[in-house]
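Right, one structure below, let's go through it.
The values are calculated or read from the model by the stated rules, or taken from the named source; none is laboratory data. Small disclaimer: the values here were computed from a predicted structure and weren't measured. Here the Cβ positions follow ideal geometry from the backbone for every residue, glycine too, while neighbour counts run over all protein chains shown. Please note that ligands, DNA and RNA were not included when accessible areas were found on the heavy atoms of the full protein model with its side chains. Shrake-Rupley method; radii C 1.70, N 1.55, O 1.52, S 1.80 Å.
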Amino acid sequence: DKRMAVKRKAEDHKSGGGGGGSGGNWKRAKPNGESGAEKKQPVDELKLQARKLWEVLRRGDLGAEERVQKMGEMMALLGGRIKEVTFKHDMSRIVQTCLKHGSGEQREQIAAELAGAYLELSRSLYGRHILMRMLKYCPGRRAAIIQAFHGQVRKLIRHKEAALVLEECYAVYANAQQKWDLVGEFYGSEFAVFKGGEGPKSIDAVLEAAPQKRETVVAALKAAVTPLLEKGTVQHSIVHRALLDYLRLADEAGRRDAIEAMRELVVEVLHTRDGAHAGMLCLLHGSPKDRKAIVRSFKPYLKRICCEEYGYAVLVEALDSMDDTVFVHKTLLQDLCALTDELLGDQFGRRIQLYILGGRSPHYVGSDALKVLLEGDEVRAAT
């Protein structure tokens, strides 16, 4: 019977016998009866051994010599398989501990095995912690990690996990050139593609050299910051830089729309220099309705804002620019008077009280804040 013959042939092929060809030999056992899978330690067994070592390695009272010994055992166990296990949630903390307690050579080995996966790590809930540790303990790898983000900044800043790594790179570890390379992607595709070199390191320098690019840059900034304002994801300093540049460069209509979208979010950005400057511009150029909404949002956090290195300047701008004295008295002055004793003991908090008493004295108001206050006089004179 033809069907029975076909069935027998298939069974012979599956069992590796008959047929006389090489097709039945591809699954034959390797010499000594070991397959490739048997030679490689199973992941579950590997994780179990790693966790036992980690429980010892993470102890704060572990002696230096014993720590070195346990790190050697851990690296002998995980070496060559770091990338394979690092994305598993229960192994992430183990790799972090290895980066913390390992020698320079061991840290470099871990970083080298993860090379090429930096972008993927930044998007991972557990992997991003490993990347943070690498930024801290592997200075030689920082440039490579930052470079991995090139061309991806506008996407990553909207990603919950990756945005935290990007902010760490920008705010803590990047030099002036690297900061420009990262924030430049908000200004258009040209700046995302062409990086490095000896060219300008700020958007003002770029526009001074090529004024015709202003319209393109403003359009790119608007496209970048609008989704961030709509979602309220403005807590990172690299975003504050983009917001500030848009408020400075946009026309009156574009600036008005941005301030209207931003007025409830100013309280979230004034902890950085660029964010505070952006907040001051919102108060300076905003409508009376915008100013009142911004100041109302300050009320639950008033003491903290007064004591911020940059945040106090936004309150100074509010006191300087608002005409509704009744509203200012009810919303700000009453609470500021109640906080007088606490504010006078703080190096930044006392500047609010001194401004109220002494005005725009350069002894009390920082130079950056004073510059914006003087700019406000020009704006009010023109309008």
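Counting only protein heavy atoms and using a 1.4 Å probe, the accessible area of Arg255 comes to about 30 Å². Across region 81-190, the convex hull enclosing all Cα atoms gives 89 Å³ per residue. When the chain is described by a simple charge dipole with +1 on each Lys and Arg Cβ and -1 on each Asp and Glu Cβ, the residue from Ile94, Gln152, Ile259 located farthest towards its positive end is Ile94. Ligands, DNA and RNA left out, the 1.4 Å accessible surface of the chain is 51% carbon and sulfur atoms.
Here Glu268 sits with roughly 80 square angstrom of accessible surface, probe radius 1.4 Å.
With R₀ set to 35 Å, the beta-carbon distance separating Lys371 from Ala144 gives a calculated FRET efficiency near 0.40.
Counting only Cβ charges, +1 for Lys and Arg and -1 for Asp and Glu, the dipole size of the chain around its Cα centre is about 2120 debye. Spatially, region 124-191 and region 257-314 are offset by 27 Å when compared through their Cα centroids. In the context of the full set of protein chains, residues of region 242-330 present 41 Å² of accessible surface per residue (probe radius 1.4 Å, heavy atoms only).
As a rough guide to protection, the peptides 229-242, 296-309 ranked by mean Cβ packing within 10 Å, highest first, stand as 229-242, 296-309. Taking Kirkwood radius over Cα pairs in Å as calculated from this structure, the corresponding entry among [x] 22.4; [y] 25.3; [z] 23.8 is [y].
Considering only Leu48, Ala209, Ala143, and ranking their Cα positions along the charge dipole of the chain that arises from unit charges at the beta-carbon of Lys, Arg, Asp and Glu, the one farthest toward the positive end is Leu48. Could you please report the charge total around Ile238, scoring K, R as +1 and D, E as -1 over all other residues with beta-carbon less than 10 angstrom from its beta-carbon? It works out to a net charge of -1. From most to least packed by mean Cβ count within 10 Å, the peptides 127-137, 87-97 give 127-137, 87-97.
Surface exposure of region 98-157, expressed per residue as accessible area with a 1.4 Å probe, stands at 44 Å². Simple rule: put +1 on each Lys or Arg Cβ and -1 on each Asp or Glu Cβ in the chain, find the dipole, and look at Ile294, His363, Leu114; the Cα lying farthest toward the positive end is Leu114. When the C-alpha to C-alpha distance is required to be over 18 Å, the pairs from Lys83/Lys155; Lys160/Lys201; Lys100/Lys160; Lys47/Lys70; Lys155/Lys222; Lys47/Lys136 that qualify are Lys83/Lys155; Lys160/Lys201; Lys100/Lys160; Lys47/Lys136.
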